[in-house]
Structures are given as C-alpha cells and as structure tokens.
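The values are calculated or read from the model by the stated rules, or taken from the named source; none is laboratory data. This one's a predicted model, so the numbers in the text were calculated from it and none came from an experiment. Methodologically, a virtual Cβ is constructed for each residue, glycine included, from the backbone with ideal geometry; neighbour enumeration extends over all protein chains shown.
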Amino acid sequence: MSEKKKRALVTGSSRGIGRAIAISLAKDGFEVIVHCAGNAAKAEETRAIIEADGGSASVLQADLTRTEETGRLAEQMGDLDVLVLNASIQYRNKWENISLEECCTQLNCNFVSSMLLIQAAVPHMREQKWGRIVTIGSVQEAKPHPDMLVYSSSKAAQTTMARSLSLQLAKDGITVNNVAPGVIYTDRNVEALSDAAYAKKVMDLIPVGFYGEPEDCAGIVSLLCSEQGRYITGQSIYVDGGKGIM
C-alpha cells in the first residue's frame, strides 16, 4: 500500500459474497465503499463490521437494474483503485416464459452496469498506472442451470468482457479477472437448498462434498486485488469445489 489508502468499491456488498469480499479488502487496508440496491440497513451492518475491526468504509445505494442510477453511482464513487463487480440478479423461469422485462432487468444489473462502472473507474486507474478489476461470475458459465437462461448468459458475457479488457488494459498496469463461485450457502440459496431431494442432487455434483461459504470467495479476490496478484490477468477462476468440471 502507498501512503494514501487505496479505495475499493464492491457492488452488492450488503450481504453474502459481496459482504465477505468487502470485509476482506478492508482487512487488507483498503477504504471500502459498501454498495446496496435497497437494503441500506444491511449495508450499514457491513460497514459496522468493517469499522469494528479497525477498517474504513462508507455506503452508497443504487439500483443497478436502472442505468440512470448506475450513472449516479459512477459519479458518487469517486476515484477507485479496485472495482469488484459482484451485484447480480437471477430469476428462475423456463426459457419459453422469460419476459422482455425480466431479461432486461437481469442484463442491466449483471452486465450493463458492470460495463458502465468500468468505464467510469478506468481513467483514474490509467492515470496512476495501477488498478484491479474483478468481476464475480458463476459456475453457471460452465454448467448453466436450465431455468436461469438469462442469468448464466449474462455472467458469461461479463466474463468475456473481462477477458477482452484484460488485454486492452494490461499496458496501463490494470489487471482484470473473473471469479466464478459455485454453490455458495447464502440467503439466495437457502430456500432452494431446504428441499432435501434438490439439495442431494446439487451435492452429488460437488466433488469436495460440501457447499462453499462466502469467505471461500473472498481470499482469491484479495489476492487478485493485491500486489501479489499483479501477474494474474485475463483469468476466470472457479471457486466451486470442482463442480465446473463434473
């Protein structure tokens, strides 16, 4: 770290994987911007955890399904050294029944907002010749869920964007990588995994034999955002207990 504390924005960090990443980056010495779509109380919980551990954090709220709010977040976030694009929305629906509204909502949050925030963050990173961008994808890039067509497609698109940008930004000292979680036990998955038959079906496809925890995703993000991760770019790293190769 330089004398000036580096700043990191983690989208969707009021809970789950995003919260674990925000806490980890704060422990690494970053000043963290905690982002939420609507549940400000949960975002404040994340900030309180960070500050109780001696870290520094602030909270910004924006609905990333709405491009005008993404633009507002881009203005409010200021200069960033690290951008972690974790926020996403997933709907379960048969592909024949997906509405245009449902499709656009997921694409705006999962892909378009990522592009807009990267566009806003890169000029400062270029100027200082140092930056870290990490997109949070999904094992569904390799194993798409049949009832999450738009979600899996949007995550694959985001990863392709990260790979393309890694080549374009490498000369500027900016690394761009994707981290693809598998089945992580967060509140998003609690209801589905409460079905014993479905849970067994899911578990049978995880070679290590257990669900991941949010903290399992935080360590690799910390590495990618550190000086020790400076030689890693253009990669999609699966944190999935082996599920992606089953």
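Summary of values
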{"read-out": "Failed item, numbered, when Glu31 is tested on (1) within 22 Å of Asn177 (Cβ to Cβ); (2) surrounded by fewer than 23 Cβ atoms within 10 Å (Cβ to Cβ); (3) touching a residue at least 60 places away in the same chain (Cβ under 8 Å)", "value": "(3)"}
{"read-out": "Matching residues, the stretch 110-135, being more than 22 Å from Asp79 (Cβ to Cβ) and crowded, with 24+ Cβ neighbours inside 10 Å", "value": "Asn110"}
{"read-out": "Residue tally, condition within 18 Å of the chain's Cα centre (by Cα) and either at pLDDT below 95 or within 19 Å of Leu169 (Cβ to Cβ) (or both), over the stretch 213-243", "value": "12"}
{"read-out": "Number of positions in the stretch 1-18 that are touching a helix residue (DSSP H, G or I) at 6+ places or on another chain (Cβ under 9 Å) and over 21 Å from Ala121 (Cβ atoms)", "value": "2"}
{"read-out": "Of residues in the stretch 134-152 being in contact with a Phe, Trp or Tyr (Cβ under 9 Å, 6 or more places away or on another chain) and part of a helix (DSSP H, G or I), the one farthest from Thr105 (Cα to Cα)", "value": "Val139"}
{"read-out": "Residue, nearest to Leu117 (Cα to Cα), within the stretch 1-39, restricted to residues that are at pLDDT below 95 and out of contact with any Lys or Arg (no Cβ under 8 Å at 6 or more places or on another chain)", "value": "Gly38"}
{"read-out": "Residue within the stretch 46-54 that is over 17 Å from Gly16 (Cα atoms), among the β-branched types (Val, Ile, Thr) and under 18 Å from the mean Cα position of the chain (by Cα) present", "value": "no"}
